[in-house]
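Inspection log for the structure reproduced underneath, given as structure tokens.
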Amino acid sequence: MNRISAPRRTASLSAQLVESLRSHIEAGGWPVGTRIPPEQALVEELGVGRSTLREAIGALVHLGLLEPRAGDGTYVRSASELQSVMVRRAGSAKRDDVLELRTVLEEYASGAAALRRSEEQVRELRELLGDAETAAVGEDASAAAGVDALFHRSVVRASGNSLLIEVYDHLGTALALHPGGPSWDATHAREHAGLHGRLVDAIEAHDAGGAREAAAAIVRLTRDHEATGERPAEER
């Protein structure tokens, strides 16, 4: 039987460099989507040999944090291993499956937010509702989508569950990989805005059940709208 290798008492220079670069990426030193400095610049800045640097970069590529592009350098693909895994997995999943997962997370988070939210977090959600109305009037679909994403992340953060917040932040990146459905018409936009208002009202009132119901209805409206382009027949 093969023996299990004993752990090394000290980490190799390459392993230390992997941790250093990973921490730098996670802290936003190299934002996702940007090209990292060229090899020579990193060798001079970090004071390591080329082989050590290449070994560390290769490890980060394997982890999914970096992505080499032939003739164009190496780019930051994701900020953490968890994000890399979720983006890759969600990219191959059906849209309905991703939305179902989003429903599970947002429904729970909304209920928890209703129980744990602070007054400051309620004010932030109210402000984001106002920003959403402004974006809708301006008919800027990109701006509206951005505000909507911020709103839902704020709801999840109000849950106070740090692991849920991290998972949802990465899921938000994964959701962005999927193409959107038909443009929102006036009727859909009003219903969408109304559900968001109802969600904030429930969170402010410490109504966990109402918050979960509103959160699930928001994702259901999005899913049905993308599938048919028509207003779902729901009892209100």
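Annotations for the structure displayed:
- To the nearest 10, the accessible area of His24 is 80 Å² with a 1.4 Å probe.
- Per residue, the solvent-accessible area of region 1-153 (1.4 Å probe, heavy atoms of protein chains only, all protein chains present) comes to 63 Å².
- Only protein heavy atoms count here; on that basis, with a 1.4 Å probe, Glu45 has an accessible area of about 140 Å².
- Within the assembled protein chains, the solvent-accessible surface assigned to Asp97 is about 70 Å², based on a 1.4 Å probe.
- Sites Arg153 and Arg190 - FRET efficiency at Förster radius 22 Å, r taken between beta-carbons, to 0.05: 0.40
- These residues, Arg126, Arg54, go from largest to smallest accessible area, 1.4 Å probe, as Arg54, Arg126.
- Sequence of Arg95, Arg69 when ordered by accessible area, the most exposed leading, probe 1.4 angstrom: Arg69, Arg95
- Taking a sphere under 14 Å around the Cβ of Ala113 and counting the other residues whose Cβ falls inside, with K and R at +1 and D and E at -1, yields a net charge of -1.
- Net charge contributed by nearby residues that have their C-beta within less than 9 Å of Tyr75 (K/R +1, D/E -1): +1
- Whole-angstrom gap from region 204-224 to region 66-136, using each part's C-alpha centre: 17 Å
The values are calculated or read from the model by the stated rules, or taken from the named source; none is laboratory data. Quantities reported herein were computed from a predicted structural model and do not represent experimental measurements. Here Cβ is always computed from backbone atoms with ideal geometry, including for glycine, and neighbour counts include all displayed protein chains. SASA here: full protein model, heavy atoms, side chains in, ligands and nucleic acids out. Shrake-Rupley method; radii C 1.70, N 1.55, O 1.52, S 1.80 Å.
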